[in-house]
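The structure appears below as structure tokens.
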Amino acid sequence: MNVFKAILFLLFYFPLNSYNQLAHVKLAETPVINLKRGEQIIATIKFEIAREFHIMSDNPGIENFLPTTFKIEPVKEIEFGKIIFPASSTFKIKGTEEIFNVFDSTIIIKIPVSAGKKVVKGKYESKGNLFYQACDNRKCYFPKEFKFPVTIIVK
Amino acid sequence: MTVKLFLPLSLLFLLAFSFSVKAQNNSTKKFSTMKDTEAPSFSLEDITGKKINSSDYRGKYLVIHFATTWCPFCNAEAPNLEQLYKDYKAKGVEVLIIDVKEDKKLVSDLLVNKFKLSFPVLLDTEGKVAASFAPDDVLPDLARDEVMLASNLLIDPEGKIIFFSLLDSKNFDAKLVELKRLLDERL
């Protein structure tokens, strides 16, 4: 490793890393969806939820709470189906009886994607938008939108 | 990487790590300075449209909880705040919820009616009052109004903050045990 880069890394990694805990959700990897013309696949997008945080599931189980939703921007000749969320875990606030459903750690959402038979081969850009409301074991945070690019490659 | 670089890089590693720990501890350090300071004044409408001023509560102990309808901690606390209000009102203790950035109907349906709250629930529609209570150096990356969500404060009859549960609790105190202990000491 270049010495200069190593010094910069050490100086900035830990302070930045401590503040990054406030970014509750991030992508595990940049989403790239590969499929052939006329094909239907189930694409996956993997998110990492910051340690000690959780976000509401797609069905929190309590009327007031804000469910996590995911939207993907339409692309001509490419069809996105209904989003499939993973199983959730439960969370109970100490001293209360209320139990609700949350996502924590890592979540993988599945998206049925199909390309029309006449779609031109090539690279298409779309945008994903994860809406979530995060909490830790002490407090909750305003709901947020996490927007990111999604690349679709039709072969 | 050569062996002779090991020592300086190790020192840099320790230096960077100490910065990291310092950044994480800032919130705890700043918190202690909030107690015994003058509470910011405010004037907000409650869900009935009535104007409520902080000065109305001079001479009384005032419990303030910052909430939103979607906040599980706030929901968990709501029935306990109502009970605290019933138990301590005769002793000169008032309770307020300041709802942050939500509309009147939502707050009315999902907070006041749901939990049958008999004390005033105020609407801080722009989050400015919540922000005015947030210590500057706590979670500097967050919007100031966000810092205050699910926090509890106790203001004494002279207008000083004497309890401020912001990021200092190891565990969430839904039953308001610490707050009630302090009230019992004072009353």
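A short reminder: the numbers here are calculations on the coordinates, not readings from a lab. Keep in mind the model is a prediction, meaning the values are calculated, not measured. For neighbour counting, all protein chains shown are included, and Cβ atoms are generated from backbone atoms with ideal geometry for every residue, glycine included.
Comparing A:Ser57, A:Tyr124, A:Ile84 along the charge dipole axis of chain A, the residue lying farthest to the positive side is A:Tyr124, per the Cβ-charge model.
Residues whose amide H falls under 5 Å from that of B:Gly159, counting only those 5 or more places apart or on a different chain, are B:Gly59, with hydrogens built in the peptide plane. Cross-link reach is defined here as a Cα-Cα straight distance under 22 Å, omitting same-chain residues fewer than 8 places apart; for A:Lys118 the lysines meeting it are A:Lys36, A:Lys76, A:Lys155.
Geometric descriptor of the stretch A:35-132, per residue, is 99 Å³ (volume of the convex hull of the Cα atoms).
The modelled label-to-label distance for the pair B:Lys105/A:Lys117, using points 7 Å beyond Cα in the direction of Cβ, is 4.9 nm.
For the peptide A:135-147, the mean number of other protein chain Cβ atoms found within 10 angstrom of a residue's Cβ is 6. Taking a point 7 Å from the Cα of B:Leu142 along the Cα-to-Cβ direction, the residues of the stretch B:101-122 with backbone N closer than 15 Å to it are B:101. Please work out the C-alpha center-to-center distance from the stretch B:37-73 to the stretch A:21-66 and express it in whole Å. When both Cα centres are located, 37 Å separates them. Between A:Lys26 and A:Glu125, the contour length at 0.36 nm per residue exceeds the Cα-Cα span by 33.7 nm. Mean residue ellipticity at 222 nm, helices only, chain A: -3500 deg cm²/dmol; runs of at least 4 DSSP H residues each add -39,500 (n - 2.57), and the sum is divided by the number of residues.
At R0 = 25 Å, how high is the FRET efficiency between B:Gln83 and A:Ile62 if r is their beta carbon distance? Nearest 0.05 is fine.
The value I calculate is 0.75.
Working from label points 7 Å from Cα in the Cα-to-Cβ sense, the B:Thr125 to A:Ser105 distance is 4.4 nm.
Taking amide H as placed 1.01 Å from N in the peptide plane, the amide H of A:Ala43 sits under 5 Å from that of A:Ile111, A:Val113, each at least 5 places away or on another chain. Neighbouring Cβ atoms from other chains, within 10 Å of the Cβ of residues in A:90-97, number 5 on average.
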